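The values are calculated or read from the model by the stated rules, or taken from the named source; none is laboratory data. Quantities reported herein were computed from a predicted structural model and do not represent experimental measurements. Reconstructed Cβ throughout: ideal geometry from the backbone, glycine too, with neighbour counts over all protein chains shown.
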Amino acid sequence: MWAQSRRNVVRVAVFMFSLALAISAAQNAPASKRSFSKSCHGLHAGIRAQIMPPATETPSVMLSFILLNDSDAPVDVKPGSWKIVVDGTQLKDSGHIFGNGPMPEGGYRILMPGESYEFGSALPIVQYFLPNGQHKVSWRGTGFESPTISVTITPASH
């Protein structure tokens with residue numbers, strides 16, 4: 001089970017690294033030189049999960065989110081539409097989760113071409129990730145959906 005968890009971490013790390021490179025390239029290129037694929041422009045989302053150490057006050061899964069506008073036009077990202085999905089079920093308190101806690105610098109606003117948001121939120125294991133085992137997690141909203149990742153919860157996680 002540990003080997004599978006490490007493979008998932010590696011997959012997420014590779015995805016996040018690739019997305020970070022795309023963000024860097026988009027942000028550093030002058031607007032007149034940016035080229036966008038017609039089949040792959042718009043909002044792109046990434047998600048990463050990390051088990052917080054059980055020594056913390058509330059054992060949690062730290063979810064990190066990234067949202068990139070790689071189109072050539074400003075995009076209203078509509079944060080009110082954002083949902084976290086755990087094991088195929090949208091969390092009913094997604095609005096509360098995204099509305100309380102760390103937000104992108106400057107708050108949620110229209111994303112200009114090449115801009116991105118990066119932020120995170122800790123979800124308590126006992127509230128969102130029981131029973132122990134593997135849980136599928138994704139993030140979606142108007143105009144985007146992240147890949148689905150796996151989070152493995154063991155008795156040692158909490």
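Scanning segment 81-99 for residues that are polar (S, T, N, Q) and part of a strand (DSSP E or B) returns Thr89, Gln90. Would you mind stating whether Gly80 is surrounded by fewer than 16 Cβ atoms within 10 Å (Cβ to Cβ) and without any contact (Cβ under 8 Å) to a residue 24 or more places away in the chain? For Gly80, the condition - surrounded by fewer than 16 Cβ atoms within 10 Å (Cβ to Cβ) and without any contact (Cβ under 8 Å) to a residue 24 or more places away in the chain - is met. Residues in segment 45-74 that are surrounded by 21 or more Cβ atoms within 10 Å (Cβ to Cβ), of a type outside the set (S, T, N, Q) and over 16 Å from Gly120 (Cα atoms): Asp70 only. In this structure, Gly95 does not satisfy being in contact with a helix residue (DSSP H, G or I) (Cβ under 7 Å, 6 or more places away or on another chain), surrounded by 17 or more Cβ atoms within 10 Å (Cβ to Cβ), within 24 Å of Pro74 (Cα to Cα) and not charged (D, E, K, R). In segment 130-158, the residues that are closer than 19 Å to Lys92 by Cβ form Cβ pairs under 6 Å with partners that are modelled with pLDDT of 95 or more and among the acidic types (Asp, Glu), at six or more places apart or across chains, as follows: His135/Asp87; Lys136/Asp87.
Checking Pro54, Pro30 one by one, the residue that is modelled with pLDDT of 50 or more and out of contact with any strand residue (DSSP E or B) (no Cβ under 7 Å at 6 or more places or on another chain) is Pro54 and no other. The set of residues from segment 100-120 being in a strand (DSSP E or B) and surrounded by 18 or more Cβ atoms within 10 Å (Cβ to Cβ) comprises Leu111, Ser116, Tyr117.
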